[in-house]
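Right, one structure below, let's go through it.
Only the coordinates and a few stated rules stand behind these numbers; no lab work does. Note that the structure is a prediction, hence the values are computed from the model and not measured. All Cβ positions, even for glycine, are placed from backbone atoms using ideal geometry, and neighbour counts span all protein chains on display.
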Amino acid sequence: MIVLIVTQLLRAATVPESVPLGKFVRVKLDAGEKAIVLSQDFSPVDIIATPDSLAFTGLPGRYVVVVLKGDEQPQQFFTKIVGLKPEPKPDPKPDDPPKPPPDVNPAPVKAPGLRVLIVYESSQLSIMPSTQREILFNTNLRAWMTQNCARDNNRPEWRIVDQNQPDIVDTAPLKAMFERPRMSLPWLVISNGTKNTGYEGVLPANADEMQRLLEAHK
């Protein structure tokens, strides 16, 4: 749309008759003249001034260019910029709520309830640290697992097995746990499909650490 500018021709200062919306209105000044620009609605006016000219732009509306020279009476140019104001930008959409972090240690198998599997190599028992070896035979740990693990045919779902005796692992969830990759021996797998939490890693160093790990995934 073309911007219409209505002016009064005063002195040597000149204002162009029309400019496109968004372009600068350029005011030519005579020697010794200065000018200020006011908008009737007090909207911001972007001004660039040089010794002999002035350029400004702003939103559509009515503007006044006041020309000053020495002690003479100030004179005015009335300028009306006609056009469509830009549509206001919509408020930014709120950020999506943060997604919960993925499970750091999800259950190795999805079967509900707690299951525990320890895989070891019997030929290495003599070289295992004594505190770690104790875990394999600790009656308190076995009693805790019997009380808290899920059951299959009324048998608690925990096993402590030699890696060469897979037949001892006789239920589908425990078989799936036994078949998962192992980085070393002895190896511990804990799975609680109800809470989708678990552990796969080296056997803890002692019975107390083992107990805490079991409690964490109960």
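Quick query: amide H of Leu21 versus all other amide H atoms, modeled in the peptide plane; which residues come in under 5 Å with a sequence gap of 5 or more or a different chain?
Val3
Over all alpha-carbon pairs in region 114-216, figure out the percentage whose distance exceeds 22 Å.
Result: 23 percent of Cα pairs exceed 22 Å.
What does the net charge come to around Ser122 if you take all other residues with beta carbon closer than 13 Å to its beta carbon, with K and R at +1 and D and E at -1? All intermediate terms of the calculation are to be shown ahead of the outcome.
Details: positive: Arg133; negative: Glu121, Asp162.
After counting each charged neighbour, the total is -1.
List the lysines whose alpha-carbon lies under 30 Å from that of Lys195, not counting same-chain residues fewer than 8 positions away?
Qualifying lysines at Cα under 30 Å: Lys99, Lys110, Lys175, Lys218.
Using modelled backbone amide H atoms (1.01 Å from N, in-plane), which distant-in-sequence or interchain residues come within less than 5 Å of Ile81's amide H?
Under 5 Å from the amide H of Ile81: Gly61, Arg62, Tyr63.
How many angstrom lie between the Cα centre of region 156-218 and the Cα centre of region 127-144?
Using only Cα atoms to place each centre, the spacing works out to 14 Å.
Which peptide among 184-196, 137-149, 23-35 comes first, and what is the full order, when sorted by highest mean count of other Cβ atoms within 10 Å?
Per-residue mean Cβ counts within 10 Å order the peptides as 184-196, 23-35, 137-149.
Tell me, what is a quarter of the convex hull surface for the C-alpha atoms of the chain, in nm² with one decimal?
Projected area, direction-averaged: 25.0 nm².
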